[in-house]
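Peer 1: Could you have a look at this structure, given as structure tokens, before my questions?
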Amino acid sequence: MSNENLLQNGVAKISGNGGYTADSITVLEGLAAVRKRPAMYIGSTDIRGLHHLVYEVVDNSIDEAMAGYCDRIRVVLHLDNSVTVSDNGRGIPVDMHPKEGKPAVEVVMTKLHAGGKFDSGSYKVSGGLHGVGVSCVNALSEYLEVFVKRDGKRHHLRFERGVTVGQLTVIGEGETATGTTVRFRPDEEIFETNQFSYETLSKRFQELAYLNDGLTIEFKDERESKEEAYCYHGGIVSFVRDLNEGQGFLHDIIDVSGEVDSVIVSLAMQYNAGYKENVLTFANNIRTKEGGTHLVGFKTALTRAVNNYVEKGDLPKKLKQKVSGDDVREGLTAVVSVKLPNPQFEGQTKTKLGNSEIAGIVSSQVYERLMTFFEENPNDAKAIIEKIVDSARAREAARKARDLVRRKGALSDHSLPGKLADCQSKKPEESELFIVEGDSAGGSAKQGRDPRFQAILPLRGKILNVERTRFDKMLGNKEIRAMITAMGAGIDEDMDLERLRYHKIVIMTDADVDGAHIRTLLLTFFFRQYRQLIDNGFLYIAQPPLFRVQKGKNEKYIVDEPTLRSHLIEAIAGEVTLIAPNEQEISKKKLERLLEKIAYLEAKVREAGAYGFSDELLLSVLEYGTRLTPASFQDGELESLRTYLTSKGHLVWTEQEMELDELRTFVIFENENAQRTRIGVEFFNSKLYRYAYDALDTIRQATGGHELTLRKREQSYKVSGYFHALRAVIDEAHKEYNIQRYKGLGEMNPEQLWETTMNPENRTMFQVSVEDAEEADKIFSDLMGDQVEPRRQFIERNALSVSELDI
């Protein structure tokens with residue numbers, strides 16, 4: 001039969017096979033499938049997937065610790081963003097695998113679903129379930145090296161993008177210690193970013209140290225010269241104590257531990273004087289952000305125990321009140337940890353525990369311990385019940401306040417706040433609500449807006465910080481009530497986004513420190529009370545311009561410093577010329593590109609300051625004739641580099657030391673004042689160095705040298721150095737233009753505000769989204785909560801990143 005369209009029951013069918021044969025089936029061998037679809041194995045190829053690589057390797061070491069064979073783990077972030085994870089466990093087996101005919105360590109690193117965790121005799125409890133963890137890390141790494149100390153020898157094996165390079169070799173004899181060291185560098189071809197976050201990783205390692213009593217986890221970041229060691233004797237009791245530090249706890253920590261059917265249940269909980277619930281759950285040391293059956297069991301037991309004690313305990317009559325689950329968790333800090341032989345997680349990223357039997361096991365263990373605690377500690381029990389009943393009454397007060405807001409905020413326009421300048425449109429999808437700080441800016445916005453679809457709600461002063469306030473008190477705030485009423489969607493249990501009157505809620509505040517504070521208060525309110533609104537993409541932040549640049553009758557509004565610099569370069573490039581040592585005259589578009597490249601290089605040089613490089617030293621190294629690599633310091637090229645740098649006033653030599661089973665090479669630079677810079681050789685494989693070198697190389701090819709001449713009209717003068725040339729050109733631009741910096745919306749007249757910030761044709765707005773809800777929750781808690789210490793630590797961590805401070 002010919003391959004033609006046939007009609008059968010009114011449906012066109014294609015006869016034949018359309019070329020779909022066995023040849024059409026692609027079989028991805030080895031780890032090729034992981035490289036083809038990495039997100040299927042590690043969740044994503046963004047920053048979360050990047051960190052997941054580290055977690056997978058560290059989890060293997062943690063499994064050794066849980067099995068009782070490891071008490072120390074060390075993690076190091078290197079300058080080229082490679083990572084070393086080392087433990088003193090048993091060491092991955094290196095003998096030949098009976099079926100694969102390869103060393104077991106190679107099988108583990110190259111075969112999916114291969115590992116010791118499927119054998120209950122090797123690991124009774126483990127976090128790795130699927131057996132794809134470390135092999136996925138190998139597949140997604142530019143290189144991975146494994147060092148194993150075992151059987152009195154030190155072994156080494158290297159892989160590149162998942163492929164074994166060479167053979168397992170013995171590189172040391174007479175080893176008495178055991179352990180495994182893995183060093184890998186995430187593949188830049190796979191990951192959108194390869195820059196690890198110190199804060200994200202340190203938080204995870206601190207959690208693991210809490211969850212494994214007596215385990216020491218050392219963490220070092222060579223990029224920022226940071227190093228910490230985590231070890232907590234007391235386990236999750238210490239965890240809860242530290243979480244509650246400074247919050248005014250009501251009683252001693254309640255500690256639950258027990259084992260049922262090979263499932264180990266651990267719980268530590270304590271009520272504090274605050275209003276926030278903070279319950280963290282873990283299964284086999286893995287943070288289950290979405291909870292699961294262990295969380296369900298804990299919540300059920302807690303509510304049941306409290307209500308039983310309220311009913312049967314010796315309590316005053318005023319406390320005899322049935323309470324809900326939300327009431328019993330207000331002000332509660334708890335850590336729930338279970339360790340079980342066969343965990344069932346949702347997906348490889350393990351965010352939710354699914355084992356159905358765990359709910360009952362956790363519930364029975366927690367209920368029995370809580371009832372015992374209440375009976376043995378009646379004063380503590382009374383304090384807890386008073387706190388819970390107070391929460392229930394506050395919740396009832398909040399319900400009444402919410403009803404009042406709902407009644408006053410009915411959908412008729414007559415109930416809208418008096419200061420709201422509403423729009424004419426009744427279609428939410430085309431309507432916008434601008435929440436503006438102050439009556440002055442509100443007045444300009446009302447005059448400048450398009451009343452057909454833009455509504456303006458001015459706020460007076462700073463709204464309440466909802467992070468430190470109970471719900472009923474929050475609803476008593478006039479400004480917050482006005483926002484709730486204007487939006488029309490209700491709040492809390494009554495919230496219905498179908499009733500939302502605007503599908504663009506725009507926060508529009510000044511560009512000064514007060515404006516930033518008000519914006520943060522509003523973001524806290526929306527994150528805590530209107531998370532669905534954010535998730536649906538309805539919340540925005542207006543981006544008013546910071547600068548007005550004027551020359552004659554021409555003016556332009558600019559949003560930030562980098563854009564201003566680019567504009568000035570573009571504007572002046574047609575009026576000035578750089579004459580290079582190679583006698584080329586650089587102007588207009590070529591000059592624009594050159595100056596932007598110089599600005600990029602300058603930023604990279606500043607960034608290298610964190611590594612200990614002075615501007616002069618890094619530029620000297622970059623100006624060496626060829627781009628250096630780590631291998632450059634292992635051959636004759638080092639002599640050539642030494643000769644070159646000596647002429648620039650710098651001595652250079654290398655030294656080696658054994659670190660984490662690896663012989664590492666360090667480069668030492670010394671200037672004429674005997675100041676030394678010591679840096680790992682892998683710096684010369686970092687993006688910072690490579691990108692800086694490429695930028696300088698482009699500049700060097702365009703100019704031929706540092707000594708430039710700047711010519712403007714009939715005048716010309718020498719400028720020595722690329723950075724000096726950049727500043728000189730921008731200085732010339734400043735002479736030509738009148739530049740005004742805005743600090744407040746009130747400084748703009750209504751026409752300017754419309755044209756720059758509110759006109760859909762011209763404006764820039766940021767849509768607010770939540771990429772990592774847990775991290776967002778922590779940031780709001782740290783920066784807006786009652787505790788001072790987290791804010792202080794945040795300021796100390798980020799102080800050096802501040803480029804412009806408005807005080």
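Peer 1: At most 12 other Cβ atoms within 10 Å and a DSSP loop assignment: could you name the GluC sites (Glu not before Pro) in segment 644-677 that fit?
Peer 2: GLU672
Peer 1: Right, another one. Could you work out the per residue convex hull volume over the alpha carbons of the chain, in cubic angstrom?
Peer 2: Details: hull volume 215.2 nm³, N = 807.
Enclosed volume per residue, from the Cα hull, is 267 Å³.
Peer 1: Still on this model: How big is the equivalent ellipsoid of segment 314-353 along its three axes, where each semi-axis is √(5λ) from the Cα gyration tensor, reported in whole Å from largest to smallest?
Peer 2: Values: eigenvalues 264, 28, 18 Å².
Gyration-tensor ellipsoid for segment 314-353: 36, 12, 9 Å.
Peer 1: While we're looking at this one, here's another question. Defining a contact as two alpha carbons under 8 Å apart and six or more residues distant in sequence, what relative contact order in percent does segment 551-741 show?
Peer 2: 29
Peer 1: Here's another thing I want to ask about it. So if the hydrodynamic radius of segment 51-97 is defined as the Kirkwood radius over C-alpha pairs, what does Stokes-Einstein give as its diffusion coefficient at 37 °C and 0.692 mPa s, in µm² per second?
Peer 2: Roughly 283 µm²/s, to the nearest whole number.
Peer 1: On a full-extension model of 0.36 nm per residue, what is the gain between GLU672 and LYS289, subtracting their alpha-carbon distance, rounded to one decimal in nm?
Peer 2: That pair, GLU672 and LYS289, stretches by 132.5 nm at full extension.
Peer 1: Tell me which trypsin sites (Lys or Arg not before Pro) from segment 171-254 have a DSSP coil assignment and no more than 15 other beta carbons within 10 Å of their own.
Peer 2: On the way: sites: ARG183, LYS203, ARG204, LYS220, ARG223, LYS226, ARG241; in loops: ARG223.
Taking segment 171-254 and a limit of 15 other Cβ atoms within 10 Å, no loop trypsin sites (Lys or Arg not before Pro) are found.
Peer 1: Also, quick follow-up: For segment 692-699, take each phi angle, set θ = phi - 60°, evaluate the Karplus expression 6.51 cos²θ - 1.76 cosθ + 1.60, and give the result in whole Hz per residue in order, putting x for glycine and proline.
Peer 2: 5, 4, 4, 5, 5, 4, 4, 5
Peer 1: What is the Cα convex hull volume of segment 272-393 when expressed per residue in Å³? Numbers along the way, then the final one.
Peer 2: Values: hull volume 12.4 nm³, N = 122.
Once divided by residue count, the hull of segment 272-393 is 102 Å³.
Peer 1: If the limit is 24 Å between Cα atoms, which of LYS382/LYS478; LYS426/LYS462; LYS551/LYS589; LYS220/LYS597; LYS419/LYS462 go over it?
Peer 2: Over 24 Å apart, Cα to Cα: LYS382/LYS478; LYS426/LYS462; LYS220/LYS597.
Peer 1: Whole-Hz ³J(HN,Hα) for each residue in segment 137-144, computed from phi via Karplus 6.51 cos²θ - 1.76 cosθ + 1.60 with θ = phi - 60°, x for glycine and proline: what do you get?
Peer 2: With coefficients 6.51, -1.76 and 1.60, one gets 4, 4, 4, 9, 10, 4, 8, 9 Hz.
Peer 1: Using Stokes-Einstein with the Kirkwood hydrodynamic radius over Cα pairs, what translational diffusion coefficient do you get for segment 603-722 at 20 °C and a viscosity of 1.002 mPa s, in µm²/s rounded to a whole number?
Peer 2: It comes out at roughly 135 µm²/s.
Peer 1: Which Cα, out of LEU295, LEU332, LEU319, lies furthest along the positive dipole direction of segment 281-356 (beta carbon charges, K/R +1, D/E -1)?
Peer 2: Among LEU295, LEU332, LEU319, the one farthest towards the positive end of the dipole of segment 281-356 is LEU319.
Peer 1: Here's another thing I want to ask about it. On average over all directions, what projected area in square nanometres does segment 375-533 have, based on the convex hull of its Cα atoms? If you can, show how the numbers build up before the last one.
Peer 2: Working: hull surface 44.1 nm².
Result: a mean projected hull area of 11.0 nm².
Peer 1: At a Förster distance of 60 Å, what's the computed FRET efficiency of ARG727 paired with LYS400, Cβ-Cβ distance as r, to 0.05?
Peer 2: Efficiency at R0 = 60 Å is approximately 0.40.
Peer 1: For the chain, build the charge dipole from Cβ charges (+1 Lys, Arg; -1 Asp, Glu) around the Cα centre, then report which of VAL170, TYR557, ALA573 sits farthest towards its positive end.
Peer 2: TYR557
Peer 1: What is the percent of Cα-Cα separations in segment 549-647 that go past 23 Å?
Peer 2: Details: 2425 of 4851 pairs.
Tail of P(r) above 23 Å: 50 percent of Cα pairs.
Peer 1: Which ³J(HN,Hα) values, rounded to whole Hz and listed in residue order, are derived for segment 87-104 from phi using the Karplus coefficients 6.51, -1.76 and 1.60 in 6.51 cos²θ - 1.76 cosθ + 1.60 with θ = phi - 60°, glycine and proline given as x?
Peer 2: 9, 10, x, 6, x, 4, x, 10, 6, 6, 6, x, 8, 7, x, 10, x, 4
Peer 1: Could you line up ILE579, ILE480, ILE435 from fewest to most neighbouring Cβ atoms inside 10 Å?
Peer 2: ILE579, ILE480, ILE435
Peer 1: Could you tell me the relative contact order of the chain? Use alpha-carbon pairs under 8 Å, at least six residues apart, and round to a whole percent.
Peer 2: 9
Peer 1: Nearest 500 deg cm²/dmol is fine: what mean residue ellipticity at 222 nm does the chain get from its DSSP H runs of n ≥ 4 alone, each adding -39,500 (n - 2.57), divided by its residue count? Please report the intermediate quantities before stating the final value.
Peer 2: Details: 25 runs with 298 residues, N = 807.
Estimated from H runs of four or more residues: -11500 deg cm²/dmol.
Peer 1: Compute, for segment 238-397, the length of the dipole vector about the Cα centre, with Cβ point charges of +1 (Lys, Arg) and -1 (Asp, Glu) only. Units Debye, rounded to 20.
Peer 2: Charge dipole, segment 238-397, about its Cα centre: 400 debye, nearest 20.
Peer 1: Beyond 26 Å, what share of the Cα-Cα pairs of segment 32-230 remains, rounded to the nearest whole percent? Each step should come with its number before you reach the end.
Peer 2: Details: 5521 of 19701 pairs.
For segment 32-230, the fraction of Cα-Cα distances above 26 Å is 28 percent.
Peer 1: I need the GluC sites (Glu not before Pro) found in segment 25-108, filtered to DSSP loop residues with at most 12 other beta carbons within 10 Å of theirs. Provide the component values of the computation, followed by the final result.
Peer 2: On the way: sites: GLU29, GLU56, GLU64, GLU100, GLU106; in loops: GLU29, GLU100.
Of the GluC sites (Glu not before Pro), the ones in loops of segment 25-108 whose Cβ has at most 12 other Cβ atoms within 10 Å are GLU29.
Peer 1: Let me ask another. Report the one residue of LEU267, ASN377, ASN762 whose Cα lies farthest in the direction of the positive end of the charge dipole of the chain (charges on C-beta: Lys and Arg +1, Asp and Glu -1; origin at the Cα centre).
Peer 2: Ranked along the dipole, the leading option is ASN762.
Peer 1: Can you compute the modelled spin-label distance between GLU736 and SER262, with each label point 7 Å from Cα toward Cβ, in nm?
Peer 2: A separation of 7.7 nm, rounded to one decimal place.
Peer 1: Still on this structure, please answer the following. Treating only the Cβ atoms of Lys and Arg (+1) and Asp and Glu (-1) as charged, compute the dipole magnitude of segment 551-741 about its Cα centre; round to the nearest 20 debye.
Peer 2: That gives a dipole near 1060 debye.
Peer 1: Treat every Asp and Glu Cβ in segment 32-230 as -1 and every Lys and Arg Cβ as +1, leave all other atoms uncharged, and give the resulting dipole magnitude about the Cα centre to the nearest 20 debye.
Peer 2: Roughly 540 debye for segment 32-230.
No value in this document is a laboratory result; all are computed from the given coordinates. Owing to the predicted nature of the structure, the values given are computational and were not obtained by experimental measurement. With ideal geometry, Cβ positions are generated from the backbone for all residues, glycine too; neighbour counts draw on all protein chains shown.
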